[in-house]
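Student: Provided herewith is a single structure, encoded as structure tokens, for subsequent inquiry.
The values are calculated or read from the model by the stated rules, or taken from the named source; none is laboratory data. No experiment lies behind these values; they were computed from the predicted model shown. Cβ coordinates were reconstructed from backbone atoms using ideal geometry, including for glycine residues, and neighbour counts include every protein chain displayed.
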Amino acid sequence: MPRLRPFLIVLAGLLLTAAPASAHRVHAGVTEIAVNPRTGELEVVHRVFAHDLLDALDRTDVEAADFLASQEGLETVGRYTLARFRMANGEGELIPLDYVGAEVEGEFAWIYFAAPEPDQTSAFIVDNDLLAGHFDDQVMMTNLRFDSRVRTAMQGPGRRAPVRVSFER
């Protein structure tokens with residue numbers, strides 16, 4: 001044990017000095033898009049850090065759960081998200097999304113949209129700018145699931161342009 005003690009002291013010191021650098025989380029979110037087999041609707045579900053969302057909305061004065069429990073909060077989040085997330089079919093025609101609502105679970109905000117099932121699912125164009133206007137390092141990963149296949153569109157620093165996702169074989 002005496003020989004192990006200096007190693008543990010050095011390791012503890014390294015962990016303590018590294019903690020402030022690792023305390024800042026990456027700005028990232030995930031969007032899942034799929035057709036619900038029970039309802040036949042296209043569902044779009046965004047998951048972002050709740051406090052990042054509040055920061056982007058300039059609402060750091062309130063708890064996320066309280067904000068999203070209010071009508072004003074729900075409407076604000078819906079408008080914000082609709083202005084920053086767009087999805088089109090393979091021909092570039094926008095798919096109109098209906099805002100369903102939002103909620104907080106732990107440190108995440110979940111934002112829900114629905115649309116009729118698309119006629120074709122061979123290709124889509126995704127433009128996911130959630131939080132990107134507020135955080136330069138924001139990364140959004142959008143997973144599209146159709147016919148048991150998954151395609152992913154990544155958007156982040158240096159890659160902000162809309163992404164075409166193809167399901168064609």
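Student: Within segment 57-82, take every residue that is hydrophobic (A, V, I, L, M, F, W, C) and within 14 Å of the chain's Cα centre (by Cα) and give me the one that is surrounded by the most Cβ atoms within 10 Å (Cβ to Cβ).
Tutor: Once the filter is applied, the top-ranked residue is Val77.
Student: Of all residues in segment 98-112, which are touching a Leu at 6+ places or on another chain (Cβ under 7 Å) and not hydroxyl-bearing (Ser, Thr, Tyr)? Spell out how you get there, then give the answer.
Tutor: Taking segment 98-112 as the starting set, the residues that turn out to be touching a Leu at 6+ places or on another chain (Cβ under 7 Å) are 99, 101-104, 109.
Gly101, Ala102, Glu103, Val104, Ala109, listed by residue number.
Student: Which residue out of Val62, Val26 is in contact with a Gly (Cβ under 9 Å, 6 or more places away or on another chain), closer than 21 Å to His134 by Cα and modelled with pLDDT under 95?
Tutor: Details: Val26 fails: in contact with a Gly (Cβ under 9 Å, 6 or more places away or on another chain).
Answer to the check: Val62.
Student: Among the candidates Glu93, Glu103, single out the residue that is closer than 21 Å to Asn36 by Cα and among the acidic types (Asp, Glu).
Tutor: Glu103
Student: Given the conditions (1) more than 14 Å from Thr31 (Cα to Cα); (2) free of Cβ contacts under 8 Å to residues at least 60 places away in the same chain; (3) touching a Pro at 6+ places or on another chain (Cβ under 9 Å), which single one is not true for Asp127?
Tutor: Every listed condition holds for Asp127 apart from (1).
Student: Quick one: Val104 ticks every box in (1) among the aliphatic types (A, V, I, L, M); (2) in contact with a strand residue (DSSP E or B) (Cβ under 6 Å, 6 or more places away or on another chain); (3) under 30 Å from Glu63 (Cα atoms) bar one, so which box is it?
Tutor: (2)
Student: Residues in segment 79-99: is at least one among the aromatic types (Phe, Trp, Tyr) and within 22 Å of Glu63 (Cβ to Cβ)?
Tutor: Yes.
Student: Evaluate the following for Val44: is it crowded, with 20+ Cβ neighbours inside 10 Å and touching a Ser or Thr at 6+ places or on another chain (Cβ under 7 Å)? Give the steps one after another, and end with the answer.
Tutor: Numbers: crowded, with 20+ Cβ neighbours inside 10 Å: yes; touching a Ser or Thr at 6+ places or on another chain (Cβ under 7 Å): yes.
Here the answer is yes, as Val44 does meet what is asked.
Student: Take Val10 and tell me if it is at pLDDT below 95 and either not small (Gly, Ala, Ser) or not in a helix (DSSP H, G or I) (or both).
Tutor: In short, yes.
Student: Right, something else. When residues of segment 123-163 are filtered for being more than 22 Å from Leu57 (Cα to Cα), surrounded by 18 or more Cβ atoms within 10 Å (Cβ to Cβ) and of a type in the set (Ser, Thr, Tyr), how many remain?
Tutor: 0
Student: When you go through Gly101, Gly158, Gly106 one by one, which is the residue that is closer than 27 Å to Val26 by Cβ, modelled with pLDDT of 95 or more, among the small types (Gly, Ala, Ser) and out of contact with any Lys or Arg (no Cβ under 8 Å at 6 or more places or on another chain)?
Tutor: Selected residue: Gly101, the only one of Gly101, Gly158, Gly106 that is closer than 27 Å to Val26 by Cβ, modelled with pLDDT of 95 or more, among the small types (Gly, Ala, Ser) and out of contact with any Lys or Arg (no Cβ under 8 Å at 6 or more places or on another chain).
Student: Filter segment 89-98 for residues that are surrounded by 17 or more Cβ atoms within 10 Å (Cβ to Cβ) and modelled with pLDDT of 95 or more and give the result.
Tutor: Residues satisfying the conditions are Ile95, Leu97.
Student: Then there is this: Name the single residue that is surrounded by the fewest Cβ atoms within 10 Å (Cβ to Cβ) among those in segment 99-120 being without any contact (Cβ under 8 Å) to a residue 60 or more places away in the chain and β-branched (Val, Ile, Thr). If you could, list the steps in order and put the result at the bottom.
Tutor: If we filter segment 99-120 for residues that are without any contact (Cβ under 8 Å) to a residue 60 or more places away in the chain, which is where we start, we get 99-107, 119-120.
Then drop every residue that is not β-branched (Val, Ile, Thr), which leaves 100, 104.
Working: Val100: 14, Val104: 19.
Looking at residues that are without any contact (Cβ under 8 Å) to a residue 60 or more places away in the chain and β-branched (Val, Ile, Thr), I get Val100.
Student: Which strands (runs of 3 or more DSSP E) does segment 19-133 wholly contain that include 3 or more residues that are over 24 Å from Gly158 (Cα atoms) and touching a Cys at 6+ places or on another chain (Cβ under 8 Å)?
Tutor: By residue number, no strands (runs of 3 or more DSSP E) qualify.
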